Amino acid sequence: MKLLDKYILKKFLTSYIFTVVMLVSVICVIDFTEKNDDFIKHDLGAWQIISEYYVNLFPYFANLLSPITVFIATVFVTARLAARTEIVAMLSSGISFQRLLVPYLMGATIIGVSIFGLIGWVIPNANKTRVTFERAYIKNPFRFQARNIHIKIGPKSYAYMESYDNVSNIGYRFALETIEGTQLKRRLTANTIQWDSTRKAWQLSPQLIHTFQGDKETLRSVPARDTTLNLYPKDFASTYRLAETLTLPELNRFIQQKIDRGADDTETYLIEKYERYSYPFAILILTTIGVILSSRKSRSGVGGQIALGFSLAFVFIIFVILSRNLALVGDLSPLVAAWVPSTIFTLIGAALYRLVPK
């Protein structure tokens, strides 16, 4: 690493850290003013609020705003170098524009790898505490309100409930069907099914069991009993920000479980998974675009270039939101949706690179 690389890399990383700390601190202050009434209502102490909520909220926002913060840091550092004619001196000494990009890409790689580690393992564990805090003190108590619930609980087994009360853990109008191919082989029905937390089993009210063998049907009644099923109260618990609380291994296992059960909300978790892989790449692209846009000395000063950086970073976030919504409604596959913003900005970066004076 050359002395010039160290010089630019140090400025880039310190500017990035400073931008993150300042921007996220402002957001946390705004968040506190909005939620202060909830804290007072539950008589929460300052230490509990800070240790359980804001200590875990800070890295969440730092990651969420990373496209903006890395872009601002890149534009700020490069624009200042250009304003002091340092970039002109570098290029005049024989350094190519491609070589000038090297320390920025080194810094972006450090940030990208760090972010991947954070969003894969560290932040989800922090989010577990934060989301639990929000559910307890900020959000209204969760009530499961879905009707006519169908869940695949085995290769040939399907559970049905007309409704479920997540407070008392009771399901109503329960049915358990065994289907082979397209043929219904067995159907068990019960008026209620209740979770016994002591025995870790379900208590079934008296049941009727229909068995089908070709054209022959048999019917028998069974008294109330306990049984175990691949079904748990957590399957009916709140999914508020659930994807954000899962580490990558946990997320992969959860997605596979969703696929096995034929759930209709699998896209939400697939998008979360693929976005975690695309985020570090987006950091590299935005850093490159930031250098290209701000490497020329501007008469309007650094402020105009920083404003442009803000604008483009927000455009990137808008693309992320739009592609995610398209995937949720089924118009885009989750994999494509996660990589669309990075792909579009890669093309923008390539076009800008051809236009920038070198």
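Heavy atoms only, 1.4 Å probe, whole protein assembly: order His42, His210, His150 by accessible area, highest first. Before the final figure, lay out each step's value.
Numbers: His42 70, His210 45, His150 140 Å².
Result of the area sort, largest leading: His150, His42, His210.
Take the solvent-accessible surface of the protein heavy atoms, probe 1.4 Å, and return the percent of it on segment 1-63 that carbon and sulfur atoms account for. Percent of accessible area from carbon and sulfur atoms in segment 1-63: 68. By the Kirkwood approach, averaging reciprocal distances over each pair of separate Cα atoms, segment 27-102 gets a hydrodynamic radius of 16.0 Å. Electrostatic bookkeeping for Ala73 treats Lys and Arg as +1 and Asp and Glu as -1; over the other residues with beta carbon under 15 Å from its beta carbon, the sum is +3. Counting only protein heavy atoms and a 1.4 Å probe, segment 56-133 has 36 square angstrom of accessible area per residue. Sorted largest first, the principal axis extents computed over the alpha-carbon atoms of the chain equal 91, 53, 32 Å. Within the full protein context, the accessible area of Lys2 is estimated at about 130 Å² for a probe radius of 1.4 Å. Roughly how many whole Å is it from the C-alpha centroid of segment 49-121 to that of segment 13-37? If we compute the Cα centre of each part, the gap is 17 Å.
Each Lys or Arg adds one and each Asp or Glu takes one away; over the other residues whose Cβ falls under 13 Å from the Cβ of Asp31, this sums to -2.
Give, to the nearest whole percent, the P(r) tail of segment 1-131 beyond 22 angstrom, counting all Cα pairs. Don't skip to the end; give the middle numbers.
On the way: 4151 of 8515 pairs.
Beyond 22 Å sits 49 percent of the P(r) for segment 1-131.
Surface composition of segment 92-145: carbon plus sulfur atoms contribute 62% of the solvent-accessible area (1.4 Å probe, protein chains only, all chains present).
How much FRET efficiency would the formula 1/(1 + (r/R0)^6) give for Ser25 and Val167, where r is the Cβ-Cβ distance and R0 is 51 Å, rounded to 0.05? Let's see the in-between values first.
Numbers: r = 39 Å, r/R0 = 0.76.
With a Förster radius of 51 Å, E is 0.85.
If you sort Thr346, Thr287 by accessible surface, 1.4 Å probe, largest first, the order is Thr346, Thr287. As a ratio to 2.2 N^0.38 Å, the alpha-carbon radius of gyration computed for segment 104-234 takes the value 1.57.
Put Ser197, Ser238 in order of accessible area, largest first, 1.4 Å probe: what do you get? Let's see the in-between values first.
Working: Ser197 75, Ser238 30 Å².
Most to least solvent-accessible, the answer reads Ser197, Ser238.
For segment 70-149, what log10 I(q)/I(0) values come out of the Debye formula at q = 0.17, 0.26 1/Å, with one point per alpha carbon and no solvent? Debye curve over Cα of segment 70-149, log10 I(q)/I(0) at q = 0.17, 0.26 Å⁻¹: -0.84, -1.18. Rolling a 1.4 Å probe over the protein chains gives Arg143 an accessible area of about 130 Å². Residues whose amide H lies under 5 Å from that of Arg186, counting only those 5 or more places away or on a different chain, are Thr178, Phe212; hydrogens are built 1.01 Å from N in the peptide plane.
What is the sum of charges around Met106, taking Lys and Arg as +1, Asp and Glu as -1, for the other residues whose C-beta is under 14 Å from the C-beta of Met106? Working shown, then result.
On the way: positive: Lys2, Lys6, Lys10, Lys11, Arg99; negative: Asp5.
Neighbourhood net charge equals +4.
Relative to the longest principal axis of the C-alpha atoms of the chain, give the angle of the C-alpha long axis of helix 248-261, reported between 0 and 90° and rounded to the nearest 10°. Helix 248-261 sits at roughly 40 degrees to that axis. Derived from the Cα gyration tensor, the three semi-axes of the equivalent ellipsoid of segment 174-308 are 57, 18, 11 Å, largest first. Distance between the pseudo-spin-label points of Ala136 and Ile317 (7 Å out from Cα toward the beta carbon): 2.9 nm. Each listed q (0.23 Å⁻¹) maps to a log10 I(q)/I(0) for segment 243-358, found by the Debye formula over equal Cα scatterers with no solvent: -1.24. Ligands, DNA and RNA left out, the 1.4 Å accessible surface of segment 202-358 is 60% carbon and sulfur atoms.
Ligands, DNA and RNA excluded, the heavy atoms of Tyr60 present near 30 Å² of accessible surface to a 1.4 Å solvent probe.
The values are calculated or read from the model by the stated rules, or taken from the named source; none is laboratory data. Quick caveat: nothing in here was measured; it's all calculated off a predicted structure. Because the Cβ atoms are built from the backbone with ideal geometry, glycine has one as well, and the counts that use them run over all protein chains shown. Remember, those area values only see protein heavy atoms, side chains included, never the ligands or the DNA or RNA. Shrake-Rupley method; radii C 1.70, N 1.55, O 1.52, S 1.80 Å.
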